[in-house]
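Notes follow the structure.
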Amino acid sequence: MPIEIVCKIKFSEEDAKPKEKEEGDQQSLLGAACQGAPPRDLATFASSSTLHGLGHACGRGPRGLHRSLWALALLASLAAFLYQAVGLARSYLARPHLVSLDPAGVAPALGFPAVTLCNINRFRHSALSDADIFHLANLTGLPPKDRDGHRAAGLRYPEPDMVDILNRTGHQLADMLKSCNFSGHHCSASNFSVVYTRYGKCYTFNADPQSLRPSRAGGMGSGLEIMLDIQQEEYLPIWRETNETSFEAGIRVQIHSQEEPPYIHQLGFGVSPGFQTFVSCQEQRLTYLPQPWGNCRAESEGGEPELQGYASYSVSACRLRCEKEAVLARCHCRMVHMPDSLGGGSGGRCACPMPCNLTRYGKEISMVRIPNRSSARYLARKYNRNETYIRENFLVLDVFFEALTSESVEQRAAYGLSALLGDIGGQMGLFIGASVLTFLEILDYIYEVSWDRLKRTRRRPKPPLRTSTGGISTLGLQELKEQSPCPGRGCAEGGGASSLLPNHHHPHGPPGGLFEDFAC
């Protein structure tokens, strides 16, 4: 038969109240600091969430058709929002761009472009020596001959110097240039610099970027106007056709910025003798987008040249470098117009992306016939030529700005990150009435539930030591046996076991009898 012992402990009112208050405050502080608030359930969270419709679908209340309809509406709105968000993300990842054209205002002065001109005939026939004809046989198609005019099988000449050959045999600008004017001021061959291209020895006006010549007015007469004699009598006879054989007569002209080398055999235009050619230019400043919107090549940050042999990067310079590397890989040499820099071939396809910022010149070309009958006789007397020679060899080139304005053509991102966030925020507000803070609320609720479950799995259950009701503590004998540190009957008296209060022994009771040690 179990024995139950009841102990009543009574405190005075003066001592009990402060003690109870002190213990209650201490228990509340420790509970708030150590145990933490219990997590909210889904119904409580749904009732207080800022997500529209969640409180009606998952809040407190009876389940029925009303709640089912709200849950269906919430899921449909969420699906519509996700569909719209995926479409907006696709549009953003496509990196669309648009092109804006901004005409600039009239400027008091505008930097005049560089004008490169080449005679289509690369070598003057009268300036070629026997050694030159021998070395240039593959280019000119002329058969090499000895001094008696007969082709010999064992001709031997020293190694050629192509720079010397081009300088000696090319058309000299001092002989071709008959008149030159720039913005009403006289100019001469000394205002042109020598440059080598696929057409041999060529000449560039206003080539130095450090001393640009400005144009202070638009229209004819305010730019560069030159008269040239192309010297057709010096053109090479055609013995046989080669890849370099030319059937044309005239000059090739390219209008470009000072930062890029001439690429005249592909980007130049032809000017015929017997015509005055008018070239009306307009400056265009182009701005392209780099990756991921476009494919332009951004400028290097260190200020170092990006291409060996050139001060700045340009498509023309990149193409010339690619040609040089291809020729260098096959022939172990380079042509005169190619950059003089070290390095081997690229070993693959040579790509030349557009620079992100460049200047080009739009052109409108027109021409009139020259000379008329009166001027033909005058020019024949002035230059000691006949009228037929004047009509077949003389030309006039007039390059000028249409107006002192420039156009700015710029690529811009059509759909950026800010636009994407704004559109997604609008779709969130339209369909589910949510914001960024709403998603933070959901994440916070998930964190609370997960952390609480993790703590429960780690916490070990402890049996209660006593149950109190009011001021009475009730201890059962079986509980005392279970809580006793001495489970056996042979525990020595005063054996050092710890208890709530000092032990009270019963000296008259037999050991192992009905009563054992207890404490209240």
- Task: Heavy atoms only, probe 1.4 Å: what % of the accessible area of the range 79-129 goes to carbon and sulfur, would you let me know?
- Result: 63 percent
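Output the peptides 64-70, 421-427 sorted from most to least packed, where packing is the average of other Cβ atoms within 10 Å over each peptide's residues. If you can, show how the numbers build up before the last one.
Numbers: 64-70: 11.7, 421-427: 14.7.
Ranking, from highest mean packing down: 421-427, 64-70.
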- Per the rule of 0.36 nm per residue minus the C-alpha distance, extending residue 47 to residue 307 adds in nm 87.0 nm
- Please provide three numbers in whole Å: the alpha-carbon extents of the range 370-448 along the principal axes, with the largest listed first. 104, 22, 19
- Pseudo-spin-label distance residue 265 to residue 138, built 7 Å along Cα→Cβ, given in nm, is 1.3 nm
- Message: Residues of the range 412-455 with the amide nitrogen closer than 19 Å to a label point 7 Å from the Cα of residue 95, along Cα-to-Cβ, please.
- Response: 412-421
- Note on the structure: Two pseudo-spin positions, 7 Å from Cα along C-beta at residue 240 and at residue 440, lie apart in nanometres by 8.5 nm
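Over the range 153-280, with the other protein chains present, what is the accessible area per residue in square angstrom, probe 1.4 angstrom? Show your work: numbers first, answer last.
Numbers: 6270 Å² over 128 residues.
Accessible area per residue, the range 153-280: 49 Å².
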- Separation in nanometres of the label points that stand 7 Å from Cα toward Cβ, at residue 447 and residue 413: 3.0 nm
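The values are calculated or read from the model by the stated rules, or taken from the named source; none is laboratory data. Note that this is a predicted model, so its numbers are computed, not measured. Reconstructed Cβ throughout: ideal geometry from the backbone, glycine too, with neighbour counts over all protein chains shown. For accessibility, only protein heavy atoms count, side chains too; no ligands or nucleic acids. Shrake-Rupley method; radii C 1.70, N 1.55, O 1.52, S 1.80 Å.
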